[in-house]
Structures are given as C-alpha cells and as structure tokens.
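The structure under discussion appears below in the form of structure tokens.
What follows is calculated from the coordinates using simple rules that are stated; it is not laboratory data. All of these numbers come straight from a predicted model, not from anything done at the bench. Cβ atoms come from the backbone with ideal geometry, glycine included; neighbour counts cover every protein chain shown.
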Amino acid sequence: MKHSVMSLISICIGSMALQACSHVPMPYEASSTASVPAEVSTQVEENAVLAGEWEYEEGGMVVPLRLDRFGNGTYDFKDGRFRTDILADHHWVGGWAQRENDREGGFEITLSDNYSEGEGRWWYTRIERDAAPTKAGGRFRVMKVQSTVGNQSLPMDRSPQ
C-alpha cells in the first residue's frame with residue numbers, strides 16, 4: 001500500500017512538473033464523483049478532511065472557500081477555482097485559477113495537527129498570456145469553518161487532536 005501511495009505522489013509531482021514546464025493552462029473544473037481508480041482512493045480518503053468551508057485570509061481580506069471531498073472547489077473572488085494535487089503529512093499542495101482576471105498559480109500550505117488551520121504561500125504560473133510571470137505571490141492563512149460529510153454540514157470541533 002505504501003508503495004502505491006508513493007507511486008501516486010511521484011506521478012502527481014511529475015505531472016505538475018510537466019504541466020509547469022509546458023506552460024499550458026491547467027483545467028480547473030470541479031472534480032466529479034466518477035469512478036476513481038483504486039490507487040487514488042486512498043488519496044481521496046485523505047483529502048476528505050479538506051471537505052467543507054474554509055476562510056482564506058491575506059492582508060486583512062477574508063475570502064470563503066468551498067471544497068469538495070477531493071479538496072477542489074470555488075471561491076467568489078474573481079470567479080476563483082481551487083484544486084488540490086497532494087495532501088501528505090499535513091502538507092497541502094495545489095493550484096488556483098481566477099477566470100475574471102485570467103490568472104493561475106500554485107500554492108502550498110502547512111496544516112495544523114487537527115487539519116483545522118494552516119499557513120501558506122501562493123505564486124503565479126500564468127497572468128493572461130504571460131506563461132512565465134515574475135510578479136510576486138504572497139503569504140496567507142486558512143481556517144476551516146465547517147466540515148462536510150456526505151453533503152451534510154458539520155460544525156468544526158476546535159479541540160486539538
């Protein structure tokens with residue numbers, strides 16, 4: 001089993017590297033619940049801790065994120081899309097895109113022990129037609145507001161785990 005997860009992580013990292021090198025815009029459609037290969041099912045179960053509502057805070061601005069059981073979802077700022085690529089050992093990596101201002105980028109977050117909050121950084125991978133932007137990204141915090149299990153909203157338990 002450990003070998004399968006490590007293989008999946010290697011594939012994901014390799015795929016991200018190829019995507020970054022190709023400078024082709026990444027698709028940011030919400031994940032479907034279509035059949036998931038057995039190798040990926042462990043990753044889906046791990047990502048389920050991300051399902052629910054989060055608050056993204058950067059420089060005093062707070063933006064709600066709504067994530068599905070795959071860790072993918074949307075946010076209202078600039079018609080944003082959020083994608084999770086890897087969640088391993090409290091390290092969360094993925095991408096974002098904003099349709100309204102035609103920008104894309106990546107992020108990484110270090111989550112707390114109970115997965116309820118984290119500190120992260122984001123960067124650009126594309127700004128309009130510029131596939132190698134030099135514009136700086138930034139740092140942010142996330143905090144889970146509400147969990148979702150089986151499409152049911154559950155209040156967050158803030159006690160350490």
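Structure data summary
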{"quantity": "Most to least packed among 87-98, 63-74, 130-141 [average Cβ atoms within 10 Å]", "calculated": "63-74, 87-98, 130-141"}
{"quantity": "FRET efficiency, 1/(1 + (r/R0)^6) with R0 22 Å, evaluated for MET61 and ASP130 via beta carbons", "calculated": "0.35"}
{"quantity": "Net charge of Cβ neighbours under 11 Å - reference GLY59; Lys, Arg +1; Asp, Glu -1", "calculated": "0"}
{"quantity": "In region 63-135, GluC sites (Glu not before Pro) in a DSSP loop with at most 10 other beta-carbon atoms within 10 Å", "calculated": "GLU100, GLU128"}
